[in-house]
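K.L.:
Could you have a look at this structure, given as C-alpha cells, before my questions?
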C-alpha cells in the first residue's frame, strides 16, 4: 500500500510554525477539523480531519475511489467505496532541521537561470546533507550559484522544517487554492508553495 500526499510548505526552509497556534488558525478558516490520534507516523505529527471549508481551500481536478476494508468473521470484506475527496485527512509535520521532502515522485531538478538539468540529483542531496548550512550548488553551464532550495524541483520535492500534509491526494489530483495560499501568508507572514509526494 502506498501513501500519496499533497504537501504545503513554507518557501523559507529555516522557518517553522508553532503547531497549536497554526492549527487554531487553520481551523478558523475551515481547513482543519477535529484532531485525532494516528499511529502510522513516528515523527512529531499532529493529525486532523478535513474542516468544513476543505473542498473550497483545496481545489480538486480529479479524484479516485477509496475502498474501505474491514475484517468480518475472520475475512477481509469491502464495506464501503467512497470518493477520495471525502477521505482526506491532514497532518502538521515538524522536523528538527531543514529536511528533504522528496519521494518516489522526485524528478531531476533544473537550474532556475539556464534550465540546466541536474541528472545526478541524489548525490546533490547527499552533498547537501553533509553540510547543510554552507552548501551551495554551482551550475556548470551558466556558473549561477544556488541554494539547493532555490532549484526548480517541478513540484516533486522541497526542503522545510515544517509542512502541512494532506493525505490521500494523488499526483496532480488537487492543489491549494489561491485563497489558501493567501491565507497562509497572512497567518504566518511567509510565502508557501506545494509539492506531490508518494511512497
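K.L.:
Would you calculate a helix-derived [θ] at 222 nm for the chain, using -39,500 (n - 2.57) for each DSSP H run of n ≥ 4 and dividing by the full residue count, to the nearest 500?
P.N.:
Taken over the chain, the calculation gives -5000 deg cm²/dmol.
K.L.:
Now for a separate question. Compute the FRET efficiency between residue 149 and residue 116 as 1/(1 + (r/R0)^6), taking r as their Cβ-Cβ distance and R0 = 22 Å, and round to the nearest 0.05.
P.N.:
E(calc), rounded to 0.05, equals 0.85.
K.L.:
Of the beta bridges DSSP finds with both residues in the chain, what % are antiparallel, to the nearest 5? Could the numbers behind the result be given before it?
P.N.:
Details: 43 of 43 bridges.
Within the chain, antiparallel bridges account for around 100 percent of the total.
K.L.:
Another question, then. Taking a point 7 angstrom from the Cα of residue 61 along the C-beta vector, which residues in region 173-199 have backbone N less than 15 Å away?
P.N.:
Within reach of a label on residue 61: 173-178, 194-197.
K.L.:
I need the P(r) histogram for region 65-158: all alpha carbon pairs, bin width 10 Å from 0 out to the longest distance, whole percents.
P.N.:
Bins of 10 Å from zero give 13, 32, 20, 16, 14, 5, 1 percent of pairs.
K.L.:
To the nearest 10 degrees, how steeply does helix 178-188 sit against the main Cα axis of the chain, on a 0 to 90 scale?
P.N.:
70
K.L.:
Kirkwood Rh over Cα pairs of region 96-149 into Stokes-Einstein at 25 °C, 0.890 mPa s: D in µm²/s?
P.N.:
206
K.L.:
A follow-up question, please. Against the longest principal axis of the chain, how steep is helix 19-28, in degrees 0 to 90 to the nearest 10, with axes from Cα atoms?
P.N.:
That works out to roughly 60 degrees.
K.L.:
Shifting gears a bit: Could you give the angle, 0 to 90 degrees to the nearest 10, between helix 121-130's Cα long axis and the longest principal axis of the Cα atoms of the chain?
P.N.:
Approximately 80 degrees, to the nearest 10.
K.L.:
Can you pull the three principal axis extents for the Cα set of region 1-153, in Å, largest first?
P.N.:
Dimensions of region 1-153 along the principal axes of its Cα atoms: 63, 36, 31 Å.
K.L.:
Just to confirm my numbers, what's the Cα centroid distance between region 164-196 and region 131-155 in Å?
P.N.:
So the separation of the two Cα centres works out to 24 Å.
Laboratory data are not the source of any read-out in this text; all were calculated from the coordinates shown. Nothing here was measured: the structure is a model prediction, and the numbers come from that model. In this analysis, Cβ positions are derived from the backbone assuming ideal geometry, glycine residues included, and neighbour counts consider all displayed protein chains.
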